[in-house]
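Read the structure below first, then the notes.
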Amino acid sequence: MARAYEAVLDAERFGADISGLLVRLNDAAVLLSEARMAFDVEDFEEATRFAESASEVGYKVVDEAELLEIEANNAQVHRSWWFLVTSALGVSVVLVASLLGYEYFKRRYYRRLSKMRPRVGVS
Amino acid sequence: MNFEDYRTLFQVGSLVFVLLAASPALSLVVSFPRGGESFSELWLLGPNHMAEDYPFNVQAGESYSLFLGVGNHLGHSAYYLVCAKFRNQTQPLPNASSSEPSSLSSIYEFQFFLADGDVWETPVTFEILGASVQGDSLVVESVSVNDRILQVVCPLIWDSEYSGFYFQLFFELWLYNSARSSFEFHDRFVGIWLNMTG
């Protein structure tokens with residue numbers, strides 16, 4: 001169960017949707033609680049039966065969580081590449097637009113400055 | 001404004017737009033701290049699902065109900081264990097300030113997994129099945145929690161100050177620690193006092 005929970009936590013860290021796995025883990029947790037309580041009252045046969053059922057669910061959850069983790073990891077890599085490409089494109093567009101805009105503004109500024117007539121003040 | 005001022009304005013504006021354009025890539029390397037505090041909630045409600053009408057005066061053979069709930073605000077999914085315990089006035093309570101659970105053994109337990117932001121709630125039904133008077137003390141011999149019968153030996157001493165045989169049903173919250181691969185007491189417990197004088 002602990003291994004199943006850790007596998008689910010890993011999948012969650014990669015952004016996988018683990019809601020379905022938590023439902024299955026909760027089913028297993030109920031079985032494990034029953035097993036522990038049966039063990040406490042020395043009903044070892046029932047304890048073994050419940051523990052084995054919980055363990056079975058746990059192993060299935062581990063397999064599914066590992067698959068989900070791989071899927072989520074792939075999606076994250078894909079998303080990262082997409083972010084890098086869009087950022088690189090965006091930054092390039094902004095830089096080119098800034099340089100062109102700066103040149104345009106500089107020319108207009110100096111053209112306007114050259115058209116100005118000097119004023120002569122009389123004291 | 002002279003040309004130098006315009007140029008500075010232009011550079012600042014360009015830098016802002018560059019940062020905006022680079023924000024998707026920056027989000028991959030810059031992580032913002034999670035707002036708010038990480039904590040778990042533990043609560044106990046009465047039979048009407050309200051914080052009132054809790055059972056107090058109990059009798060053997062009568063069934064009483066409560067609602068027990070846990071809320072996860074830890075920022076990740078959590079694996080919880082709630083231990084129900086039964087004590088008289090002299091037996092130890094958990095010590096939340098030193099993270100020590102009660103040394104008493106649990107009479108019932110709930111294990112469950114909870115996603116971040118979710119709550120878990122379950123009805124708890126309990127009944128005193130067997131009790132006997134021995135001198136000036138009352139010994140609770142068996143209880144039933146959620147239809148599970150457990151043998152307990154819990155002697156209740158007559159409380160002359162409050163005129164009754166008092167005992168407490170309480171619930172401790174434990175949290176699974178992946179690093180240590182074990183459950184640890186999560187410094188939270190709730191309980192109700194019961195009087196078995198009647």
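The values are calculated or read from the model by the stated rules, or taken from the named source; none is laboratory data. Since the structure is predicted, the reported quantities are computational estimates derived from the model, not experimental observations. Please note: Cβ atoms are built from the backbone with ideal geometry, for glycine as well, and neighbour counts cover all protein chains shown. Calculation scope for accessible area: heavy atoms of the full protein, side chains included, ligands and nucleic acids excluded. Shrake-Rupley method; radii C 1.70, N 1.55, O 1.52, S 1.80 Å.
Worth a mention:
- Convex hull volume per residue for the range B:1-80, taking Cα atoms only, in Å³: 188
- The sum of -39500 (n - 2.57) across all DSSP H runs of n ≥ 4, divided by the residue count of the protein assembly as shown, sets its helix-only mean residue ellipticity at 222 nm to -15000 deg cm²/dmol.
- Projecting the Cα atoms of B:L28, B:S181, A:G58 onto the charge dipole of the protein assembly as shown, computed from C-beta unit charges around the Cα centre, puts B:L28 farthest toward the positive end.
- Cut-off under 5 Å, modelled amide H: who pairs with B:L104 long-range: none
- Sequence-distant contacts, meaning Cα pairs under 8 Å at least 6 residues apart, place the relative contact order of chain A at 30 percent.
- Radius 11 Å from Cβ of B:A60, net charge of other residues (Lys, Arg +1; Asp, Glu -1): -3
- Accessible-area composition of the protein assembly as shown, carbon plus sulfur, in percent [1.4 Å probe]: 57
- Applied to the range A:51-64, the Karplus parametrisation 6.51 cos²θ - 1.76 cosθ + 1.60 on θ = phi - 60° returns per-residue 3J(HN,Hα) values of 5, 5, 5, 4, 5, 4, 5, x, 5, 5, 5, 4, 4, 5 Hz, with x for Gly and Pro.
- Between 0 and 90°, nearest 10: helix B:3-29 axis offset from chain B longest Cα axis: 40
- By the rule of a C-alpha distance below 27 Å, with chain neighbours fewer than 8 residues away ignored, the lysines paired with A:K115 are A:K106.
- Summarising the label geometry, the points placed 7 Å from Cα in the beta-carbon direction at B:N48 and B:L74 lie 3.5 nm from one another.
- A Förster radius of 45 Å, combined with the Cβ-Cβ distance separating B:L20 from A:D43, puts the computed FRET efficiency at roughly 0.10.
- The mean number of Cβ atoms from other chains found within 10 Å of a Cβ in peptide B:138-146 is 0, as a whole number.
- Per-residue shielding of A:89-100, expressed as the average number of other chain Cβ atoms within 10 Å of the residue Cβ, stands at 4.
- In Hz, Karplus ³J(HN,Hα) per residue of the range B:120-126 (6.51, -1.76, 1.60; θ = phi - 60°; x = Gly, Pro): 10, 9, 9, x, 10, 10, 9
- Sorting the Cα pairs of the protein assembly as shown by distance into bins of 10 Å, from 0 upward, gives 5, 18, 22, 16, 10, 8, 7, 6, 4, 2, 1, 0, 0 percent per bin.
- Distance (nanometres) between label positions extended 7 Å along Cα→Cβ at B:S163 and B:Q59: 1.9
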